[in-house]
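Notes follow once the structure below has been shown.
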Amino acid sequence: MTAAVDLHVHTTASDGTLTPSEVVELAHRRGLSVVAITDHDTVSGVAEALERAARIGLKVIPGVEISAEQAHILGYLVDHRSARLNEQLERFGRARLVRARQMLGRLESLDLSLRWDAIAEAAEEGVVGRPHIAQALVDAGHVASIDEAFGRYLSPGQPAYVPRFKTTPREAIQMIRDAGGVPVLAHPWCIVFMLEELVADGLLGLETHYRSYDACQMSRLNRLAQEHGLIRTGGTDFHGFEGEAHSLGDVDVPPECVADLEALHASLSGS
């Protein structure tokens, strides 16, 4: 059954396959009432999503997913027009371009040539990421699937992998809070040992409902959220890849997560 809420969604602004408008339209068709646009290290797709959502009556929550050391930090209800936030995120975009070119160089040394212009075109105006390179490998006939591209070449430990530039979790949390947003720890199951430190650094939420978590995991995360006074969020981490295990809205996220998120944001902003 499709849930009414999905608070973890990617678009072509980072490494998704659907434009922000297409994501909004898909959410509407699937009966969702709320979707959060949380692209990796950019908020460039938020304005388009908000504009399209206003026309069809869907609520879009402006967001971002910042890549930090050991953890990814989701930022909800950030001011996506903030000059400071966008300047900070541009560092990540520049680093991703350098990383992508380095990976292409490594693939070239393996006699797997790819055209940079095709990859940049596939990324449109978004952030170039490994999924774009994986798709280029498929399109060039070097591998049969995106999974094979990652498994043989692009995952950590594989010959074309290059580590990504990352900030610290504390800096990511501060970036989000400075932009008026609510910082939440993404897909936290394997890094709950960091929770106490992150809460001390200003973390305000925990992604308790996630695409690969079973009922026992979600129950444990819900208890941790309560113990630490954190709001709960959840989503599919949707990218739109063909064969992706979970489509938009497939995770049953409690609707009160949105109400709690908005109430916390209002209290932070004094409204």
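Quick note: the coordinates plus some simple rules give every number you see, no bench work behind them. Model, not experiment: these values are computed from the prediction. Please note: Cβ atoms are built from the backbone with ideal geometry, for glycine as well, and neighbour counts cover all protein chains shown.
Summary table below
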{"item": "Relative exposure of V138, V78, judged by other C-beta atoms within 10 Å (fewest first)", "result": "V138, V78"}
{"item": "Selected from H209, H228, H80 as most flexible by GNM, with the chain as the system and alpha-carbon contacts under 10 Å", "result": "H228"}
{"item": "Lys, Arg +1 and Asp, Glu -1 on Cβ, resulting dipole of the chain about Cα centre, debye, nearest 20", "result": "300 debye"}
{"item": "Net charge, E227 excluded, C-beta distance under 15 Å - Lys, Arg +1, Asp, Glu -1", "result": "+1"}
{"item": "Taking S44, S247, S109 and counting other C-beta atoms within 10 Å, the order from fewest to most", "result": "S109, S247, S44"}
{"item": "Rg ratio (alpha-carbon, reference 2.2 N^0.38 Å) - the chain", "result": "0.98"}
{"item": "Kirkwood hydrodynamic radius of the stretch 177-229, from inverse mean 1/r over distinct Cα pairs, in Å", "result": "11.5 Å"}
{"item": "Descending principal axes extents, the stretch 163-268, alpha-carbon based, whole Å", "result": "37, 35, 26"}
{"item": "Rh by Kirkwood over Cα pairs, then Stokes-Einstein D for the stretch 22-130 at 0.692 mPa s and 37 °C, µm²/s", "result": "211 µm²/s"}
{"item": "Rounded FRET efficiency, nearest 0.05, which uses the C-beta distance separating T168 from R84 and R0 of 22 Å", "result": "0.80"}
